[in-house]
Amino acid sequence: MKHKLNILTLTWLLLMAHGATSAYALDENTFTTWQAAYLKGIDGSESDLENAIRYFDNVSEAEPYDIFVNTYRGSLRSRMAQHVYMPWNKMKHVDAGSEFMDDALDEITEIHERQTLGGTAISFRMKLVVAHTYSRFPRFLNRYQDAKDLVTDLLASPQLATASTDAKNSLYGLAAAIAEDDGDKTKQSDYLSHIVVVPD
């Protein structure tokens with residue numbers, strides 16, 4: 001029994017080490033490609049979304065333990081719920097996406113806190129993606145508070161000071177939208193004032 005336990009422990013450590021290695025191996029060019037594919041899927045048509053889901057499913061075959069990839073996969077799968085009509089099909093996509101995102105957040109390590117992509121910590125980007133995704137869920141799913149909690153965490157994070165302009169703008173935009181929804185115009189105005197207009 002002890003021998004089996006040691007084998008299981010060793011296997012787990014190897015998987016975690018693989019995840020750590022893949023996180024360090026991600027370069028800026030790959031991130032730029034991934035981010036463009038993700039944003040096209042999230043902001044585009046149903047066909048764009050389906051293509052993005054297939055794209056990251058293929059990426060995941062090579063990097064099955066990359067939680068950054070799984071964050072994108074979860075967000076995209078959840079988004080597919082807007083393109084189906086039957087409630088049970090909507091829930092299927094939402095549940096599948098939520099599982100990816102929740103698991104990814106649970107697996108954040110110091111590596112993801114330290115390494116940056118596009119000038120921003122991986123963990124910061126992951127939480128931002130999840131916060132945006134959960135903020136769009138129907139309220140009866142009770143994930144809006146999770147989105148608000150993530151935004152609060154990110155606003156208080158020391159990583160915010162060194163985050164890229166695009167990440168900061170994305171966070172402050174979401175924070176302003178939440179403040180507006182809460183009826184807090186003072187906070188909304190404050191968050192909007194932090195958004196930097198980037199020329200085309």
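Every number in this text was worked out from the coordinates using simple rules, so none of it is lab data. Because the structure is a prediction, the values reported are computed rather than measured. Reconstructed Cβ throughout: ideal geometry from the backbone, glycine too, with neighbour counts over all protein chains shown.
A Cβ-based charge dipole, computed about the Cα centre of region 17-193 with Lys and Arg at +1 and Asp and Glu at -1, lands at about 460 debye. When the chain is described by a simple charge dipole with +1 on each Lys and Arg Cβ and -1 on each Asp and Glu Cβ, the residue from GLY74, ILE122, PHE140 located farthest towards its positive end is PHE140.
Between the helical axis of 122-135 and the longest alpha-carbon principal axis of the chain there is an angle of about 60 degrees.
When the chain is treated as a GNM with alpha-carbon contacts under 10 Å, the residue of THR133, THR186, THR32 showing the greatest mean-square fluctuation is THR186. Residue separation of HIS194 and ASN142 scaled by 0.36 nm, minus their Cα-Cα distance, works out to 15.9 nm of gained length. Counting 0.36 nm for each residue step from ASN51 to ASP102 and taking away their Cα separation leaves a gain of 16.1 nm. The shape of region 37-96 comes out oblate: with a ≥ b ≥ c from the C-alpha gyration tensor, a/c is at least 1.5 while a/b does not beat b/c. Principal-axis analysis of the Cα atoms of the chain puts helix 165-181 at an angle of about 60° to the longest axis. Here the calculated FRET efficiency for VAL84 and LYS40, from their Cβ-Cβ distance with R0 = 25 Å, stands at 0.80, rounded to the nearest 0.05.
For the chain, the longest principal axis of the alpha carbon atoms and the long axis of helix 2-25 meet at an angle near 40°.
Of the options [x] 12.6; [y] 11.4; [z] 13.6, only one is mean projected area of the Cα convex hull in nm² as computed from these coordinates, and that is [z]. Sorting the segments 74-81, 104-111 by their residues' average number of neighbouring beta-carbon atoms within 10 angstrom, most packed first, yields 74-81, 104-111.
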